[in-house]
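The structure under discussion appears below in the form of structure tokens.
The values are calculated or read from the model by the stated rules, or taken from the named source; none is laboratory data. Since the model is a prediction, treat every value here as computed from it, not as a measurement. Using ideal geometry, Cβ is built from the backbone for each residue, glycine included, and neighbour counts are taken over all protein chains shown. Remember, those area values only see protein heavy atoms, side chains included, never the ligands or the DNA or RNA. Shrake-Rupley method; radii C 1.70, N 1.55, O 1.52, S 1.80 Å.
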Amino acid sequence: MQEFDRSAIKRLGIPGVVLMENAGSGAVAVIEKRFGPLAGRSFTVFSGKGNNGGDGFVVSRHLLSCGANVLVALVGRKADLRRDSRTNFNALLKLSREHRRVARTGVLQVKELRSIRALKLLPRSEFVVDALFGTGFSGSVRGFSRRVIEWINSSRGTNVSLDLPSGIDADNGEIGNIAVKAQLTVTMGLKKIGLLTGDGRSYAGSIEVANIGVPPGCLTTPGIRTFLLGPEDVRRALPVRAFNAHKHSVGKVVVLAGSRGMTGAAAMASASALRSGAGVVVLGTPASVYPVLARKLTEVMVEPLPETSEGSLSMAAGKAMQEHLDWADVLIIGPGLSRNEETRRLVREIIAGFRKRIVVDADGLNALAGKLSVLKRGGKRELILTPHTGELARLTGLSAVEIERNRVQVARKAAKRFGVTLVLKGAPTVTVSGKGDLFVNSTGNPGMATAGSGDVLSGIIGALWAQGLGSAEAAYSGVYLHGRAGDLAGAMVGEKGLMAMDIYDNLPRAFLGIEGR
């Protein structure tokens, strides 16, 4: 957004003060739409000395114009205001003096706030508008601003943050020491990464985007490599099945999964691949669990394979499955395979030798930990890795805390380092293409943090990939549909009662909704 502001001013010729005006008026339009008529309602607006504070001055002026009672507090020195912010502050001062005859209003500066112990004496308002810090903020909140945020969070009013809650890093959602806990965040032009990742997601409350008066196509610049997924992105990517299609023309998937005590993962991954459009799915699984899975899976072809004494796939399973591997369009390897060392060696051998498309999940990823050279072998093979935070920590050597602190940058670096398409599961799930384009998912809910959810996802991604989508398209479309099915399931059974098979059961509705049927 900082780059866009520069581009709008220099390339499009839109003055900064006009962008600020549009941002502030757009924010008030959102507030009015959300909470109804504003006349007679009370607002306290805290503005900083930067452009976010300038947005706060414009918001205050428009609130006054709507008939609201507005108290504005400048948290900083007037001398430090930038040009556009100073222009709007001076206009607000004049307007507030005129407006006192028709509404309760006032403008306080930081000297007055401190001299009267103002934070304790300020009147409580129905709404508190946070315009302290914008996209340029990072680190910790210091000095009087920290006391202001403490006051905001202790107020009984509805907290509305402009652009993002003050104290949140716009790039990663991290909080240094304190941040505003908002019920509504009105963000300008485009959503910020920090609103969707880290603590930003829980501190932002509801997120609404304000129109800043620039056509959407002009909001993009060549440097943008991070995108928020929407239904249109997935609708465009999904394949259209030909009228003369047959089961072998719409995706052949082999799944290597399961072990003694972990048959569910194999069942969910393979069944989800069929449910997501694959024409044929073959599941290779240890012989001792074959009877369980053969009874459980009616449509999936189940192959019993040689096993270790622990009931996991042995090295001999690779040769036994070779014909199916040669036949497959996509291989899904990992769900429920166990951490048996012989099975791990089998996983690495198959990944190194397979020359087509491979989705590596769960124990398949664990088999690669410390053995990443396997990813560099294999010629024209394509890989999609689907780790959660703990699995990516084992692959990269980073701590889970480091990964969660900056999901976007860590995922992008890992995808480049490994030479793969990478799906980092979590809140939110992010998908990174081999080119470094990153897609932030917009579906899903906390109820999906349940055993088996990732197995369903690997099946969806494998099926879409087998139907002809590119690796990034298959990955981000699978993630979106998985989250959408989870949202549909959550609406039926609630987040606490949601299980992985509820996600599976709602896949048809998720697909139908995207396809507009």
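Here are the numbers:
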item	result
Pick from region 66-76, criterion part of a loop (DSSP other than H, G, I, E, B) and not β-branched (Val, Ile, Thr), ranking: farthest from the chain's Cα centre (by Cα)	Gly67
Residue in region 289-296 that is hydroxyl-bearing (Ser, Thr, Tyr), crowded, with 22+ Cβ neighbours inside 10 Å and modelled with pLDDT of 95 or more present	no
Answer residue from region 4-41, given it is under 29 Å from Arg225 (Cβ atoms) and in contact with a Gly (Cβ under 6 Å, 6 or more places away or on another chain) and is least open to solvent (accessible area, probe 1.4 Å) among those	Met20
In region 53-76, the residues that are in contact (Cβ under 8 Å) with a residue 24 or more places away in the chain and open to solvent by 10 Å² or more (accessible area, probe 1.4 Å)	Asp55, Arg61, His62, Cys66, Gly67, Asn69, Leu71, Val75, Gly76
Residues satisfying the stated conditions in region 240-263, i.e. open to solvent by 50 Å² or more (accessible area, probe 1.4 Å) and more than 18 Å from Ser458 (Cα to Cα)	Val240, Arg241, Ala242, Phe243, Asn244, His246, Lys247, His248, Ser249, Arg260, Gly261
Residue match in region 468-480 (condition: more than 14 Å from Leu385 (Cα to Cα), buried (at least 24 other Cβ atoms within 10 Å of the Cβ) and not hydroxyl-bearing (Ser, Thr, Tyr))	no
Residue among Gly284, Gly198, Gly258, Gly213 that is assigned to a loop (DSSP other than H, G, I, E, B) and closer than 26 Å to Asp502 by Cα	Gly258
Filtered residue count, region 217-229, keeping only those that are in a loop (DSSP other than H, G, I, E, B), closer than 27 Å to Gly444 by Cβ and either of a type in the set (Asp, Glu) or at pLDDT below 95 (or both)	3
Long-range neighbours under 9 Å by Cβ, at least six apart or interchain, first residue closer than 19 Å to Val209 by Cβ within region 1-18, second among the charged types (D, E, K, R) and outside any helix (DSSP H, G or I)	Met1/Asp163; Met1/Lys192
Matching residues in region 458-486 - criterion: being in a loop (DSSP other than H, G, I, E, B) and of a type outside the set (A, V, I, L, M)	Gln467, Gly468, Gly470
Residue in region 416-437 that is out of contact with any Pro (no Cβ under 8 Å at 6 or more places or on another chain), crowded, with 20+ Cβ neighbours inside 10 Å, in a helix (DSSP H, G or I) and not polar (S, T, N, Q) present	no
Residue match in region 498-510 (condition: modelled with pLDDT of 95 or more, under 25 Å from Asp199 (Cα atoms) and open to solvent by less than 50 Å² (accessible area, probe 1.4 Å))	yes
Hey, Ser259 touching a Pro at 6+ places or on another chain (Cβ under 7 Å) and of a type in the set (Ser, Thr, Tyr) or not	yes
Filter result (among the aliphatic types (A, V, I, L, M) and out of contact with any Ser or Thr (no Cβ under 9 Å at 6 or more places or on another chain)) within region 308-332	Ala316, Ala320, Met321, Leu325, Ala328, Val330, Leu331
Subset of region 264-285 (residues that are in contact with a Lys or Arg (Cβ under 7 Å, 6 or more places away or on another chain) and surrounded by 24 or more Cβ atoms within 10 Å (Cβ to Cβ))	Ala267
Listing of helices (runs of 4 or more DSSP H) fully contained in region 77-144 that carry 3 or more residues being in contact with a helix residue (DSSP H, G or I) (Cβ under 7 Å, 6 or more places away or on another chain), at pLDDT 90 or above and open to solvent by less than 30 Å² (accessible area, probe 1.4 Å)	83-99
Residue match in region 165-177 (condition: closer than 18 Å to Glu32 by Cα, touching a Gly at 6+ places or on another chain (Cβ under 6 Å), modelled with pLDDT of 95 or more and open to solvent by less than 30 Å² (accessible area, probe 1.4 Å))	no
Pick from region 42-51, criterion open to solvent by less than 10 Å² (accessible area, probe 1.4 Å) and of a type outside the set (Ser, Thr, Tyr), ranking: farthest from Asp130 (Cα to Cα)	Phe43
